[in-house]
Each structure stands twice: as structure tokens, then as C-alpha cells.
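Participant: Submitted below is the structure of interest, expressed as C-alpha cells.
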There are 2 protein chains.
Amino acid sequence: MGDYNGIGPEIALKSILSPAVKKACRPVLVGSIDVFEYYVRRFRLRLHLQETRLENLSVDSKRIQVVDVGPSEKPVVHPGTQTTLAARWAGAAITTAVESCVSAIFDGMVTAPVSKSSMIAARYSYPGQTEMVSALSGHSSATMMLVAGEFRIGLATVHIPVSHISQHITTRLIVDRLLALHRTLIDDFNIRSPKIAVLGLNPHAGEQGVLGKEELTIIGPAITRARLKHIRAEGPFPADGFFGTQSHRKYDAVLAMYHDQGLIPLKMSGFDIGVNYSAGLPIVRTSPDHGTAYSIAGKGIASARSMIEAIRLASKIIHNRRKRRHD
Amino acid sequence: MGDYNGIGPEIALKSILSPAVKKACRPVLVGSIDVFEYYVRRFRLRLHLQETRLENLSVDSKRIQVVDVGPSEKPVVHPGTQTTLAARWAGAAITTAVESCVSAIFDGMVTAPVSKSSMIAARYSYPGQTEMVSALSGHSSATMMLVAGEFRIGLATVHIPVSHISQHITTRLIVDRLLALHRTLIDDFNIRSPKIAVLGLNPHAGEQGVLGKEELTIIGPAITRARLKHIRAEGPFPADGFFGTQSHRKYDAVLAMYHDQGLIPLKMSGFDIGVNYSAGLPIVRTSPDHGTAYSIAGKGIASARSMIEAIRLASKIIHNRRKRRHD
């Protein structure tokens with residue numbers, strides 16, 4: 001559901017109507033049935049919902065099943081308004097979805113956008129959903145990946161202030177991210193011998209230590225260590241020249257050191273639909289790469305394209321993992 | 001000249017042969033006549049050079065005049081090799097060019113690429129040429145701008161490690177950069193009432209303080225202060241979404257907080273020729289937006305396109321400034 005005062009319920013409902021999603025999976029909504037019914041009526045969508053308990057979910061249901069979970073306080077929908085109650089409902093939906101993926105009731109989950117500051121006000125003290133899903137699934141750290149067609153970006157650090165990036169970049173972290181990316185490219189994206197480019201942290205990738213030392217002392221050694229583990233990692237490359245020459249096309253994935261270094265090029269790449277994937281977890285979780293978009297919430301004009309792509313990617317990853325297990 | 005073991009002399013000489021440059025200005029080379037002669041022979045260029053002292057420069061010369069300045073030690077050209085001597089020659093050329101611009105012998109200058117680490121080894125302890133030119137022209141801090149067609153980026157910080165960015169970002173700095181950009185857009189680019197977009201520093205522009213405070217405590221107040229001075233500044237915008245939606249097209253310039261935040265989108269923008277401009281100085285200085293390219297030095301295959309654009313932009317700025325003075 002995501003934050004019910006944002007565009008989350010709208011794009012979830014709209015995506016269910018798309019032929020691509022109907023073909024890809026059997027969707028189940030998790031959140032408030034009242035909220036979903038509200039938006040079905042508001043946008044006059046041709047959807048028939050049915051409240052269902054987790055233990056009664058059926059693969060044959062003709063209606064869209066909704067698992068209604070949340071705080072005892074009823075949701076109050078005011079599209080465009082940021083409230084703590086909406087975040088509490090969103091948090092309950094995420095928690096239930098993760099638990100149901102861990103116990104294999106669901107094959108995967110797709111999250112709709114939430115507001116970080118509301119989530120924190122509601123005592124979900126995670127920097128983002130990726131971290132929340134990681135923690136709830138019992139894993140310390142997923143690697144946040146952005147996927148747009150063949151353009152795949154992994155992030156070494158994600159939702160932290162720029163002033164904290166350097167202290168988070170350790171050889172251990174980079175090696176772990178490279179291992180996670182390598183595995184996910186093989187298992188989830190079905191790439192036999194993946195090649196990964198690693199970006200530098202500093203301008204000009206530090207220019208031999210003159211503009212920063214992390215490339216020499218941390219990132220370079222991490223690449224060497226990963227290569228000893230037979231991971232085809234290369235770099236560190238200066239980020240501006242790398243993307244300016246479209247070098248990402250020569251690699252199966254790129255490891256960026258921080259949020260904007262990866263997301264600016266991805267969003268500029270011409271692929272208009274990006275999908276967020278939490279790589280390295282036992283469960284499969286994707287999400288659209290945009291926020292709550294409060295300013296257009298409730299207007300019926302939100303595009304479900306990124307949500308649809310997120311559902312398609314989750315379904316593809318589930319398929320690839322299943323195939324690999326049976327090989 | 002730039003570093004004579006890089007592609008600097010090659011692209012300087014090639015650009016002089018281009019019709020666009022012949023039309024735009026009367027070029028004078030500053031550096032070693034021996035080096036320039038070496039490359040003229042090596043690449044068999046149809047150019048006739050003539051050593052000339054600064055005080056004897058003539059606007060009617062049929063040959064390309066070369067002001068030969070440098071250390072007493074003769075240059076030793078080994079294309080592709082990084083040497084301190086090459087940096088000493090490059091440093092002397094920059095120094096002479098700046099002084100000759102300040103004393104109005106030249107109308108402007110265009111610098112060829114140097115190696116930062118060699119320059120530092122040669123005791124030119126500047127983070128980059130922008131800073132060196134600023135200091136030599138008697139100004140503490142130029143605003144580095146990247147210009148590619150109508151896409152103009154100003155940088156709040158430039159050649160510093162990512163770990164130092166936050167401590168450099170002050171309200172004073174941002175206001176100064178906005179004032180410099182505003183003036184340069186009017187005086188140098190002939191834009192009557194320029195609109196400037198300001199990017200946030202942190203992911204999602206800090207998301208209301210959750211992912212970093214600089215937007216609330218420094219960048220936001222700086223924009224307010226600039227607006228009180230009648231500068232049409234807007235922001236801070238989350239950088240990834242800003243460029244993802246091509247919002248830079250709605251502004252005359254964008255102020256980025258750090259190197260890669262500005263240069264990744266500029267180099268990906270589809271304009272293949274970027275030019276570097278040191279805005280806010282009394283003298284006019286531009287440069288191509290690439291480095292020494294040691295790996296292809298001496299091969300005759302370097303493209304002079306960015307150099308040619310740098311010369312054209314310098315000439316245009318000189319023209320605009322002159323026109324404004326006479327208005």
C-alpha cells in the first residue's frame with residue numbers, strides 16, 4: 001500500500017489492471033481494505049476487492065485479495081497530507097509482507113512509496129525501506145540496486161548524508177557489495193559470468209591521491225580482493241568520464257559509491273522506468289524508483305509504469321531463482 | 001601549451017587550423033617554441049610559427065606567434081610520460097598568460113590540460129587550474145562553470161575529496177557563487193534576467209533534514225538571501241530527480257554542490273563538447289573539459305573539438321563583455 005496519502009494505493013491498484021502484471025503474477029494487496037476501496041471508488045477502477053486473511057489466501061480467487069493489516073486506529077485518507085497514522089499503516093503492511101515472504105506465503109513483495117520523515121515519526125527508524133526490509137528479513141544489509149533495462153547500478157552507500165559517505169566506505173563494505181552484486185547477477189538476472197565496474201568516490205577518482213585517498217587505500221584494494229575471489233570487477237573509474245563515454249554499456253552492473261552518483265546517470269540514461277531492487281536478501285523485494293508524490297496524490301494522474309516494471313522485475317527474479325534451484 | 005607530454009600542444013595547434021577559430025580570434029601560443037615545432041613536424045601540420053616577445057606581438061603577423069616562456073632547463077618531449085619538467089613549463093605558460101591578460105595584452109586565455117599531481121610535484125600547489133588562474137589574477141575564488149550549449153553548470157566546490165565537501169559548503173559560499181553566476185550570465189552570456197536552479201547536497205535534498213541538514217541550515221537560507229538581492233534562484237532540488245526530468249532546460253544555469261554532481265549530468269547530456277569557464281574573474285579564461293590523455297599523446301589522434309569550443313566560448317564572452325561596456 002505504501003503511504004495512503006501518497007500515490008502508493010493508486011499505482012498499486014492501477015498496476016493490477018495492467019495486462020503485463022496479470023501475465024506476470026497473482027497479486028495480493030497488503031494494507032487497509034478501506035483505503036483501497038476508497039481509491040477504487042474515487043478513480044472508478046474496474047476492480048473487485050475481497051478482504052482475505054493470510055491463512056485463507058487462494059490462488060483461484062476471482063477477486064483481488066486484500067490482507068488488511070494495520071494499527072487499531074482506522075485510516076483517515078487525506079490525499080497529499082503527511083500524517084504519522086498513514087506511516088503506521090504503511091509500516092504494518094511492510095512488516096506483514098516481509099514476514100509472509102520469509103514464511104513463503106508470498107514469492108516476493110513490491111513496496112509502494114512511503115515518506116521517510118513520517119516513518120521516523122511513526123518510530124520506524126530506518127533510513128529507507130531497503131534497510132527496513134533487510135532488518136525485518138533478518139539480514140543486516142541488502143545492496144540497493146537500481147535497474148533500468150540493461151543498466152544496473154548497485155549502491156555502496158544509500159540514504160546517508162554526503163558528510164557521512166567517506167566514513168562508511170570500507171574495504172569490507174565494497175567487497176561485500178561486490179560479492180552480493182556478483183551473486184545477484186548470476187542467480188537473479190541469469191548472467192553467467194558478470195562483469196562489474198566500480199566507480200571512484202572522489203572527483204577524477206582521486207587523481208592518484210591528490211583529490212582523496214579512498215581510491216588508493218580502500219576501493220582499489222577491495223577490487224583486488226574481489227578479483228582474488230574470481231569476481232570480474234574493474235575500476236575505480238572517474239564517474240563523470242565513465243558515464244560520459246557510456247561505459248556502463250560494457251558492464252553487467254556498476255557499483256556506485258553513493259546515492260546521487262548512481263541515480264543521476266540512471267535517471268538520465270533515457271530509460272524512463274527505473275526499478276529499485278534489494279539485492280542479496282533471501283526474499284525478493286522490488287519497488288518503483290519514485291516517492292510519495294503528495295502533490296499529485298488523489299488526482300488520478302499518477303503513472304503506474306515504474307510500479308508495473310517493479311512487479312515484472314520481481315516476477316522475473318522469482319522465476320530465475322526457481323529455475324536455478326531446479327537446474 | 002599545457003603539459004607537453006599530454007595532448008595539450010597537439011590540440012592547441014590543431015585548433016588554430018580550424019576555420020571556426022580563425023574566424024573567432026587571433027591566436028597566440030604561450031609555451032615552448034621547441035615543443036610546438038616538434039609537434040608541428042611530428043604531425044606534419046601546415047602551420048608556420050614565429051617566436052615573438054610579449055612586447056613585440058603584432059595583430060598583422062602572417063605566422064602564428066609563440067611567446068616562449070619557461071624554466072632555463074630545455075623541455076624534453078616524451079609523449080605519454082609524466083614529468084615534473086613538463087609541469088614546470090606548463091606552469092610558466094599559465095603564469096605568463098594570466099599576467100598578460102591582467103595587463104590587457106591578451107583579451108582572454110584558453111588553457112590546455114595539465115597533470116594535477118605533476119603540477120603539485122613542480123610546486124604549483126593548486127587543486128586545479130581554475131584555482132591557479134584565480135589566485136594569479138588576484139582573486140580568491142572563481143566559480144568553475146561547465147558549459148555545453150545551453151546547459152550551464154556552476155560548481156559550489158570543485159577539486160576536493162568528497163569527505164571535505166560538507167565543511168566547505170557555507171551560506172556565504174553559496175551566496176557568493178550565486179552572485180557570481182548571476183553576474184556572469186548577464187555580462188558574459190548576455191541573458192537579461194537569468195534563472196538559476198540550486199541542487200541539494202544530500203540524497204533527496206536531505207528529505208526534510210532526515211538525510212542531512214545542509215539544505216535546511218545552509219543552502220535554503222543562502223537561496224533566500226540571494227533572492228533578497230533580486231537573484232532568481234530556486235531550490236534546493238534533489239539532484240537525481242532534477243536531471244531525470246530534464247529540469248535543467250528550464251534554467252539558465254544550475255549550481256551543483258560538488259564536482260561529480262555537476263559533471264555526470266553535463267557529460268551525459270548528449271552535448272558531446274563541454275567547456276570549462278572560470279566565472280567571476282576580471283580576466284576571461286576557458287579550457288577544454290578533458291585531461292592530458294597521456295595514453296593517446298603523440299599519436300596525432302586527439303580531438304581538438306573541446307579546445308575549439310573553448311576558444312569560441314572565450315571569444316564570445318570577450319565580445320559580450322565589450323558590448324556591455326559600450327552599451
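Participant: Please give the calculated 222 nm ellipticity per residue for chain B, where each DSSP H segment of at least 4 residues contributes -39500 (n - 2.57) and the sum is spread over every residue; nearest 500 deg cm²/dmol? Can you show the working numbers first?
Facilitator: On the way: 12 runs with 129 residues, N = 327.
Computed mean residue ellipticity for chain B: -12000 deg cm²/dmol.
Participant: Return a whole-number percent for the relative contact order of region B:1-105, with Cα pairs under 8 Å and 6 or more residues apart as the contact set.
Facilitator: This gives 34 percent for region B:1-105.
Participant: Determine the shielding of peptide B:153-165 by partner chains: average, over its residues, the number of Cβ atoms on other chains within 10 angstrom of each Cβ.
Facilitator: Working: counts 0, 0, 1, 0, 1, 2, 7, 4, 12, 16, 12, 5, 6.
The mean count of partner-chain Cβ atoms within 10 Å per residue comes to 5.
Participant: Which of the pairs A:K74/A:K299; A:K195/B:K299; A:K14/A:K267; A:K23/A:K62; B:K22/B:K62 have their Cα atoms more than 19 Å apart in this structure? Provide the component values of the computation, followed by the final result.
Facilitator: On the way: A:K74/A:K299 22 Å; A:K195/B:K299 30 Å; A:K14/A:K267 23 Å; A:K23/A:K62 15 Å; B:K22/B:K62 12 Å.
Distance filter (> 19 Å) returns A:K74/A:K299; A:K195/B:K299; A:K14/A:K267.
Participant: Note down the relative contact order for region B:98-249 as a percent, whole number, built from C-alpha pairs under 8 angstrom at least six residues apart. The partial results should precede the final answer.
Facilitator: Details: 165 pairs, mean separation 25.8, N = 152.
Computed over region B:98-249, the figure is 17 percent.
Participant: Can you give the Rg to Rh ratio of region B:14-61, both from alpha-carbon atoms, with Rh computed by the Kirkwood formula? Kindly include the intermediate steps, with their values, before the conclusion.
Facilitator: Details: Rg = 11.4 Å, Rh = 11.9 Å.
Using only Cα positions, Rg/Rh for region B:14-61 is 0.95.
Participant: How much accessible area is lost when chains A and B come together, counting both sides, with a 1.4 Å probe, in Å² rounded to the nearest 100? List each step's numbers first, then the result.
Facilitator: Details: alone 15680 and 15700 Å², together 28080 Å².
So the buried area, both faces added, is about 3300 Å².
Participant: Between region A:64-116 and region A:128-201, how far is it from one alpha carbon centroid to the other, in angstrom?
Facilitator: Answer, in whole Å: 25.
Participant: Count neighbours as other Cβ atoms within 10 Å of each site's Cβ, and list the GluC sites (Glu not before Pro) in region B:1-93 that are DSSP loop with at most 13 such neighbours. Mind showing how you got there, number by number?
Facilitator: On the way: sites: B:E10, B:E37, B:E51, B:E55, B:E73; in loops: B:E73.
Passing sites in region B:1-93 are B:E73.
Participant: Scan chain B and hand back the longest stretch that contains none of the trypsin sites (Lys or Arg not before Pro) lying in DSSP loops with at most 11 other Cβ atoms within 10 Å. Intermediate values should be presented prior to the final figure.
Facilitator: Values: sites that count: B:R44, B:R46, B:R53, B:K62, B:R123, B:R192, B:K229.
The longest such stretch corresponds to B:230-327.
Participant: Per residue Cα convex hull volume for the protein assembly as shown, in cubic angstrom? Present the calculation step by step, with values, prior to reporting the outcome.
Facilitator: Working: hull volume 107.9 nm³, N = 654.
Spelled out: Cα convex hull of the protein assembly as shown, divided by residues, is 165 Å³.
Participant: Using only atoms on other chains, find how many Cβ atoms lie within 10 Å of each Cβ of peptide B:215-222 and report the average. Walk me through the numbers on the way to the answer.
Facilitator: Working: counts 1, 0, 0, 0, 0, 0, 0, 0.
Mean shielding count: 0.
Participant: Could you work out the relative contact order of region A:219-286, using alpha carbon pairs under 8 angstrom and six or more residues apart, expressed as a whole percent? All intermediate terms of the calculation are to be shown ahead of the outcome.
Facilitator: Values: 24 pairs, mean separation 10.1, N = 68.
Answer for region A:219-286 is 15 percent.
Participant: Could you name the aspartates and glutamates in cross-link range of A:K229, using Cα to Cα under 15 Å and dropping any fewer than eight places away on the same chain?
Facilitator: A:D176
Participant: How far, in nm to one decimal, is B:S18 from itself in the other copies if the label point is set 7 angstrom along Cα toward Cβ? Shortest first, please.
Facilitator: 4.4
Participant: How large are Rg and Dmax for region A:166-211 when only the alpha carbon atoms are used, in Å?
Facilitator: Expressed in Å, the Cα Rg and Dmax of region A:166-211 come to 13.5, 40.
Participant: Could you check how much of the accessible area of region A:192-255 is carbon and sulfur, as a whole percent, using a 1.4 Å probe?
Facilitator: Carbon and sulfur: 50 percent of the exposed surface of region A:192-255.
Participant: Determine how many Å³ per residue the convex hull of the Cα atoms of region A:16-113 encloses. Provide the component values of the computation, followed by the final result.
Facilitator: Values: hull volume 10.9 nm³, N = 98.
Dividing the Cα hull volume of region A:16-113 by its residue count gives 111 Å³.
Participant: Here is a further query. For peptide B:283-295, how many partner chain Cβ atoms fall within 10 Å of a residue's Cβ, on average?
Facilitator: On the way: counts 0, 0, 0, 0, 0, 0, 3, 2, 4, 0, 0, 0, 0.
Mean shielding count: 1.
Participant: Next up: Which distances, in nm and shortest first, link the A:S117 label point to the same label point in every other copy, taking 7 Å along Cα→Cβ?
Facilitator: 4.4
Participant: Quick check: convex hull of the Cα atoms in region A:85-158, volume per residue, rounded to a whole Å³?
Facilitator: On the way: hull volume 7.6 nm³, N = 74.
So the per-residue Cα hull volume is 103 Å³.
Participant: Let me spell out the model: positive unit charges on the Cβ of Lys and Arg, negative unit charges on the Cβ of Asp and Glu, origin at the Cα centre of region B:210-327. What dipole size does that give, in debye rounded to 20? It would help to have the intermediate numbers written out before the result.
Facilitator: Numbers: 18 positive and 10 negative charges, 151 e Å.
Dipole about the Cα centre, nearest 20: 720 debye.
Participant: Leaving out ligands and nucleic acids, and using a 1.4 Å probe, what accessible area per residue does the protein assembly as shown come to in Å²?
Facilitator: Working: 28080 Å² over 654 residues.
That works out to 43 Å² per residue.
Participant: Between B:Q208 and A:E37, what is the label-point separation in nm under the 7 Å Cα-to-beta-carbon projection?
Facilitator: 2.9 nm
Participant: Alpha carbons only, please: Rg and Dmax for region B:228-288, in angstrom.
Facilitator: Reported Rg and Dmax, both Å: 13.2, 37.
Participant: Here's another thing I want to ask about it. Along the positive direction of the dipole of the protein assembly as shown (beta-carbon charges: Lys, Arg +1; Asp, Glu -1; about the Cα centre), which of A:I186, B:H48, A:T292 reaches farthest?
Facilitator: Towards the positive end, the residue furthest out is B:H48.
Participant: Suppose you put the label 7 Å out from Cα in the Cβ direction; list, shortest first and in nm with one decimal, how far B:H164 is from each other copy's label.
Facilitator: Label point to label point, same position, other copies: 2.4 nm.
Participant: For a quick check: with amide H placed at 1.01 Å from N, whose amide H comes under 5 Å from A:R152's, ignoring anything fewer than 5 positions away on the same chain?
Facilitator: Amide H to amide H, under 5 Å and 5 or more residues apart or across chains, A:R152 pairs with A:V254.
Participant: Across 10 Å bins from the origin, how do the percents of Cα pairs in region A:283-322 run, short distances first?
Facilitator: Result returned by the calculation: 27, 43, 21, 9, 0.
Participant: A further question on this structure: Rg and Dmax in Å for chain B, alpha carbons only: what are they?
Facilitator: 20.2, 64
The values are calculated or read from the model by the stated rules, or taken from the named source; none is laboratory data. These numbers come from a predicted model, not from an experiment. Cβ: placed from backbone, ideal geometry, glycine included. Neighbour counts: every protein chain shown. Just the protein is used for accessible areas: all its heavy atoms, side chains included, with ligands, DNA and RNA removed. Shrake-Rupley method; radii C 1.70, N 1.55, O 1.52, S 1.80 Å.
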